[in-house]
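Report on one structure; see the data block that follows.
None of the figures in this text is laboratory data; all of them are computed from the coordinates on show. Keep in mind it's a predicted model, so treat the numbers as computed, not measured. Please note: Cβ atoms are built from the backbone with ideal geometry, for glycine as well, and neighbour counts cover all protein chains shown.
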Amino acid sequence: MLLNASGCLDGLTAPDVARSLDAFVTKTVTPLPRDGNAPVRIAETDVGMLNSIGLANPGIDRFLTRNLPQLAELGVPIWVSVGGFETDDYADICSRLDDHAEVSAIELNVSCPNVETPADSAAEIVSASRLATRKPLWAKLSPAVPGIAEVARAAQASGADGLSLVNTIRGLKLDERTLRPVLGPGQGGLSGPALKPIALAAVATCYRATQMPIVGMGGVQTGLDALELIAVGARHVALGTVLFADPDAPARVRAELHAAAATRGWNAYEDGYAVAHEETLSAGATLDERSSV
Amino acid sequence: MDVLACGPEPMLHAVRALAPTAQLAWEAPMACGYGACYGCAVEIDGELKRLCVEGPVLRAA
């Protein structure tokens with residue numbers, strides 16, 4: 001499945017882009033409405049971009065009454081990204097989403113780099129959310145932790161159905177003239193091509209640690225990028241920053257992904273699932289690979 | 001009489017105070033340019049406006 005990374009698309013403002021995905025992931029919803037962080041919110045770097053939006057969202061009340069009914073009309077499965085500042089925030093929102101049939105899955109954003117990190121551990125948040133809903137729960141983790149395998153195992157033991165890997169990683173850009181931060185809040189989340197090797201490592205590590213279903217994301221620009229994430233253990237792939245520059249990316253990446261699989265003699269890209277973990281290619285496969293380039 | 005202004009933010013705020021019907025051209029770095037990312041939101045009268053879809057030219061009041 002091809003999805004969008006949470007926060008990188010507004011399904012109501014850009015419904016055609018949302019419809020071109022296999023599922024639409026909302027921006028993170030919090031208990032109360034949030035304006036988000038003070039401008040400036042966006043900065044470019046040589047290798048990606050920084051953002052500091054700060055979970056701007058209408059809050060769960062208005063999300064349920066206003067946004068969700070409209071999102072349901074998109075005709076694609078809706079995943080709701082849930083955020084908060086303590087465990088109860090997550091559990092409360094999960095229980096309120098539970099009886100909405102139009103919600104296909106819930107992604108627990110326990111790793112936003114632009115707001116204060118919840119004091120409670122990912123495992124506590126997943127456990128409480130698990131008790132509050134029967135919906136599939138995906139835990140979205142940060143790659144900026146010393147032991148992501150431990151966090152992944154804890155999320156699994158707490159009842160998560162899958163992992164979303166990775167969130168952005170904190171970065172800073174200075175104004176060249178003033179040597180002060182460009183972004184209003186100072187630091188922001190780094191995304192784009194710089195994130196891809198980090199995402200590949202995180203997905204590979206968490207696949208080995210848990211064998212859970214994983215939505216891989218981070219710096220995907222092409223179908224080959226997507227196939228690499230699948231090769232290290234992602235079942236699904238999400239597009240983030242690329243959507244800003246190329247709203248047609250979903251169709252293009254999907255076509256490139258099928259082509260990249262066909263080049264390898266596979267019927268479907270799923271044939272590439274976790275192949276990077278197989279120890280070595282056979283001599284024949286290596287040759288095929290060379291002759292196809 | 002129409003008042004139109006573009007320029008530094010402090011100047012735009014000063015124009016707002018003088019001419020509530022002025023049309024002001026705001027600027028902010030944008031990521032997507034189609035309303036999806038909320039990167040270009042600026043606060044006008046306590047309300048956030050996405051300059052790419054609600055602006056970039058906004059009434060002062």
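With axes computed from alpha carbons, what is the tilt in degrees of helix A:249-263 against the longest principal axis of chain A, rounded to the nearest 10 within 0 to 90?
Relative to chain A, helix A:249-263 is tipped by roughly 20 degrees.
Using 0.36 nm per residue, how much length does the chain from B:ALA17 to B:LEU48 gain when fully extended, once their Cα-Cα distance is taken away?
9.3 nm
How far apart, in nm, are two points set 7 Å out from the Cα along the Cα-to-Cβ line at A:THR222 and at A:ALA276?
1.6 nm
Mind counting lysine pairs for me in the protein assembly as shown? Cα separation below 21 Å, and the two need to be 8 or more apart along the chain or on different chains.
Lysine pair count for the protein assembly as shown: 5.
Report the one residue of A:ASN114, A:GLY233, A:CYS8 whose Cα lies farthest in the direction of the positive end of the charge dipole of the protein assembly as shown (charges on C-beta: Lys and Arg +1, Asp and Glu -1; origin at the Cα centre).
With unit charges placed on the Cβ atoms, the residue in question is A:ASN114.
Thinking of segment A:1-159 as a set of Cα atoms, what percent of all their pairs are more than 28 Å apart?
Of all Cα-Cα distances in segment A:1-159, 18 percent exceed 28 Å.
What trypsin sites (Lys or Arg not before Pro) does segment A:192-276 have in DSSP loop regions with at most 16 other beta carbons within 10 Å?
A:ARG264
If you take the alpha carbon radius of gyration of the protein assembly as shown and divide it by 2.2 N^0.38 Å, what ratio comes out, to two decimals?
In units of the globular-protein estimate, the protein assembly as shown measures up at 1.04.
Could you tell me which of A:ALA23, A:VAL220, A:THR133 has its Cα farthest along the dipole of chain A towards the positive end, charges placed at Cβ (Lys, Arg +1; Asp, Glu -1), taken about the Cα centre?
A:VAL220
Below 8 Å between Cα atoms, with a sequence gap of 6+, how large is the relative contact order for segment A:33-189 in percent?
Normalised by residue count, the contact order of segment A:33-189 is 25 percent.
Mind pulling up the Rg/Rh value for chain B? Radius of gyration and Kirkwood radius, both on Cα.
So for chain B, dividing Rg by the Kirkwood Rh gives 0.98.
Using a 10 angstrom cutoff on alpha carbons, build the Gaussian network for chain A and name the most mobile of A:ALA245, A:ALA231, A:ALA132.
A:ALA245
Given axes a ≥ b ≥ c from the Cα gyration tensor, I'd like to know whether segment A:183-289 is rounded (a/c under 1.5), prolate (a/b larger than b/c) or oblate.
It comes out oblate by the Cα gyration axes.
Explain nothing, just the number: relative contact order of segment A:200-272, from Cα pairs under 8 Å at least 6 residues apart, as a whole percent.
Normalised by residue count, the contact order of segment A:200-272 is 31 percent.
Any idea what the relative contact order of segment A:2-292 is, in percent, if you count C-alpha pairs under 8 Å spaced at least 6 apart?
It comes to 17 percent, rounded to a whole number.
Taking the Cα centre as origin and putting +1 on Lys and Arg beta-carbons and -1 on Asp and Glu beta-carbons, what dipole magnitude results for segment A:161-234, to the nearest 20 debye?
For this selection, approximately 260 debye.
Could I have the simple spin-label model distance between A:ASP16 and B:ALA25, label points 7 Å from Cα toward Cβ, reported in nm to one decimal?
2.7 nm
Determine the dipole magnitude for chain B: charges of +1 sit on the beta-carbon of Lys and Arg, -1 on that of Asp and Glu, nothing else is charged, the reference point is the Cα centre, and the result goes in debye to the nearest 20.
Rounded to the nearest 20 debye, it is 60 debye.
Efficiency by 1/(1 + (r/R0)^6): what FRET value for A:LEU131 and A:ARG170, r their Cβ-Cβ distance, R0 = 25 Å, to the nearest 0.05?
That gives a FRET efficiency of 0.20.
Which of A:SER129, A:SER52, A:SER95 moves the most in a Gaussian network model of chain A with Cα springs under 10 Å?
Per the Cα network of chain A with a 10 Å cutoff, A:SER95 tops the list.
Suppose every Lys and Arg Cβ carries +1 and every Asp and Glu Cβ carries -1, with no other charges. What dipole size does segment A:2-292 come out with about its Cα centre, to the nearest 20 debye?
It comes to approximately 240 debye.
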